[in-house]
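First comes the structure, then the notes that go with it.
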Amino acid sequence: MRGVFVLFLALSLSYADSFITKEEYASGLYHNPRGIGCQLCHGESGEGKLIARYKDKGEMKIFAGAPIKKLSFKDFDEKVNSRIVGMPRYYLTDSEIQILYYYLHREEFARAAQKHRKTP
């Protein structure tokens, strides 16, 4: 949980003087990173989403976006930067990947920050 707070603190400091909040930026990036929003395949909260059912050589198949909300940051970072069938390449920067992860875990970041403020 300490790693989550350190990432939250770094993100908070980088948006201190911005005209847009980190929440607005995170939401905008998740919904339209480079033309195709993450929510279209991974769901509004990263829970995963069925995209299509189809028949291939007489066998029913599904095409779905994987759930991404429960991935660790390390796994999330690796998957965003790997070639996955059906996933567009976004060529995201490290800070964009961090803010996307923040978007998926913003409630946890808020709880961690609140808990840290209460701890002497």
Taking VAL80, VAL85 and counting other C-beta atoms within 10 Å, the order from fewest to most: VAL85, VAL80
Ranked MET60, MET87, criterion: other C-beta atoms within 10 Å, fewest first: MET60, MET87
Cα-projected label distance for ALA110 with LYS70, points at 7 Å along beta-carbon direction, nm: 2.3
Computed label-point distance, nm, for sites ASN32 and ASN81 using a 7 Å Cα→Cβ extension: 2.8
Loop-located chymotrypsin sites (Phe, Trp or Tyr not before Pro) in region 28-108 whose Cβ has at most 11 other Cβ within 10 Å (DSSP): TYR91
Cross-link partners of LYS70 among lysines (Cα-Cα below 20 Å; sequence separation of 8 or more within a chain): LYS49, LYS79
Nitroxide proxy distance, nm - points 7 Å out along Cα→Cβ at PHE63 and THR93: 3.2
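For LEU50, LEU29, which order do you get if you count the other beta carbons within 10 Å of each Cβ and list the fewest first?
Lowest count first: LEU50, LEU29.
Read-outs: derived from the displayed coordinates by stated rules, not from any lab. Model, not experiment: these values are computed from the prediction. Cβ atoms come from the backbone with ideal geometry, glycine included; neighbour counts cover every protein chain shown.
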